[in-house]
1. Could you work out how far helix 168-185 tilts from the main Cα principal axis of the chain, as a 0 to 90 degree angle to the nearest 10?
2. Would you please give the FRET efficiency between ARG230 and CYS153, computed as 1/(1 + (r/R0)^6) with r the Cβ-Cβ distance and R0 = 35 Å, to the nearest 0.05?
3. Give a residue-ordered list of calculated ³J(HN,Hα) values for region 52-60 (Karplus: 6.51 cos²θ - 1.76 cosθ + 1.60, θ = phi - 60°; whole Hz; x for Gly, Pro).
4. So how do 212-218, 45-51, 227-233 stack up, highest first, on mean other-Cβ count within 10 Å?
5. With a 10 Å radius around each residue's Cβ, average the other Cβ atoms per peptide and rank 52-59, 8-15, 198-205, 143-150, highest first.
6. Given a 10 angstrom Cα cut-off, can you work out which residue in LEU156, LEU24, LEU93 is the most mobile in a GNM of the chain?
7. Looking at the chain, send over the antiparallel percent of its DSSP beta bridges, to the nearest 5.
8. Once each part is reduced to its C-alpha centroid, what is the distance from region 28-72 to region 192-236 in angstrom?
Amino acid sequence: MSLLELDDVEVRYGSVRATHGISLRVEEAETVALVGSNGAGKSSTLKAIMGMAPVARGGVRLDGVPLNGLRPSQVVRRGVGYSPEGRRVFPMLSVLDNLRTGAFTLPRARFTARLEQVYAYFPRLKERPGQLAGSLSGGEQQMLAIARALMSCPRLFLLDEPSLGLAPVIVQRIGELITEIQRSEGLAVILAEQNALWAMRLAQRTAVIDLGRIQLEGPSEQLRHNEDVRRAYLGT
Ligand SMILES: Nc1ncnc2c1ncn2[C@@H]1O[C@H](COP(=O)(O)OP(=O)(O)O)[C@@H](O)[C@H]1O
Ligand SMILES: [Mg+2]
């Protein structure tokens, strides 16, 4: 049994079929890149796991237990963290209050210790707990979105387009942080990205999604050197 199992998941928004039967396994402490162009179905796949998209067919299981029909807050309680596309920090709340919203699963007594653990990854956030999130730079907002999702101590972390719209030097830093966090927490990670080459360098395994279907899957290293993959999906 894998940590996460998606079986034949179809997401449908009214008459729009966003995914057609996605099947995917994620093992404990594994990073999987879910790469594909805009509109391929990456976000819909992550939202199906989170209980945020209408699943018309198929199932999602965590540790063999179905997640179907759960609300997003219940999925977070089961151990799934989610950093949404576009960051979605609360602009009018401070850094600290954004982090508090991510900690709703934690007993009060554990909040401070977890906050210190999360701040240790993100010293720039620790330096400015009172600053309004809306006044942070794009990179800092992305770090805050990641930090907020980590507050609940997830075992599985879903990251939707963490590199989008950021300068290369910041993207590189975010990549280092994802690796550091994955290693020290023993997390399983799904990295949904249009920036395929970057995501594949961070992930042991890659699934290429196109037109709502997983077209290819395998060790990232192998896919990166596959000529057909490079031509069709990586633009190199
Ligand atoms: N809320 C929605 N209502 C209708 N169609 C949607 C909605 N969200 C996404 N879609 C459609 O579903 C498909 C997959 O979108 P999405 O999962 O966002 O892809 P990606 O994250 O890979 O860019 C696209 O055709 C998109 O237009
Ligand atoms: Mg998306």
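1. 80
2. Working: r = 38 Å, r/R0 = 1.09.
Efficiency computed from Cβ-Cβ geometry: 0.40.
3. Values per residue, Gly and Pro as x: 10, 10, x, 8, 8, 7, x, x, 10 Hz.
4. Numbers: 212-218: 16.7, 45-51: 23.4, 227-233: 13.9.
By packing density, highest mean first, the sequence is 45-51, 212-218, 227-233.
5. Working: 52-59: 16.2, 8-15: 14.5, 198-205: 20.5, 143-150: 23.9.
The peptides rank, most packed first, as 143-150, 198-205, 52-59, 8-15.
6. LEU93
7. Details: 21 of 39 bridges.
If I count the DSSP bridges inside the chain, around 55 percent turn out antiparallel.
8. 18
Rule-based calculations on the coordinates, nothing more; no lab input. In this text the structure is predicted, and so the values were computed from the model without any measurement. Using ideal geometry, Cβ is built from the backbone for each residue, glycine included, and neighbour counts are taken over all protein chains shown.
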